[in-house]
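Please treat every number below as a calculation from the coordinates, not as lab data. All of these numbers come straight from a predicted model, not from anything done at the bench. Ideal geometry is used to build each Cβ from the backbone, glycine not excepted, and the neighbour counts take in all protein chains shown.
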């Protein structure tokens, strides 16, 4: 089935015990709605509706799924339902709260708290002057609190990017859209074809998926930090493997941010997963270390000579001394 746009449920539609108010977003995998619960409280409802497998026409409530795509649709629906069950066990201020999940209209729905704010992607596009060192350290240190909670429950996010990081009005970040979080750290079961965003997905997202782990989400955190500085995401990891054209953060923003912060970004973006921080805690610890005073700038061509080896060597020496 060719990918087509699915029609959202109409405003006023009564879904289980929730009343749909309007569509919030429409993606290739799901539709998210703003709705009201029986007490009149606002909630966000995510509907499993991959447009590559199912199509809902205008005025309809149930999607049409061909017999050919039914097994994949049902497997994805099962994963989505189990994901809702797993996320419902999480209760952390930096992770979106899942309140309920249920089946209806031949698909499944996930009910989440509705947060007031905007995505980090929207924030960095409209507030470039606010992307300071303190902003970066504060936002990503808090975000890593949420990611540590996710990883502690044997889950991976696998689609971390600025558009999946929600910024509340008080500037605290919230991890949202766990649509790709189908693999647990201990699961041997097959998973659906991966969903990822080029530039933010780790190298192991593309090919060696058995290597996926917390370090894969760490790569995405580093890519998100890079995007905060650059305004756009870095070169895609599969492209970097062929010919790495990514300008290291230490070179691109030298003198604008501390050496430590720029080293951390480059550390997270190492193509070899063994050279990245191996846990959210390790990255968080690095982000909260005191900032050293800047030293004399390196020679103009220093960043062009084996920069990755320089970063890895320096960070490994630092780790060995701790």
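Taking the centroid of alpha carbons for each part, region 1-52 and region 221-271 are 36 Å apart.
Above 14 Å, the calculated P(r) of region 221-269 contains 46 percent of its Cα-Cα pairs. Compared with the direct C-alpha span, the chain from residue 126 to residue 254 gains 43.7 nm at full extension, assuming 0.36 nm per residue. Expressed as a whole percent, the proportion of Cα-Cα pairs in region 14-113 lying more than 25 Å apart is 17%. Rounded, prolate or oblate, given the Cα gyration tensor of region 117-165, with a/c below 1.5 counting as rounded? Because a/c hits 1.5 or more and a/b fails to exceed b/c, region 117-165 counts as oblate.
Take 154-163, 245-254 and order them by the average number of nearby Cβ atoms within 10 Å per residue, most first; the result is 154-163, 245-254.
Counted over region 197-243 with a bin width of 10 Å, the fraction of Cα pairs per bin, in whole percents, is 30, 55, 15, 0. Each peptide in 262-268, 98-104 gets a packing score, the mean of other Cβ atoms within 10 Å over its residues, and the list from highest to lowest is 262-268, 98-104.
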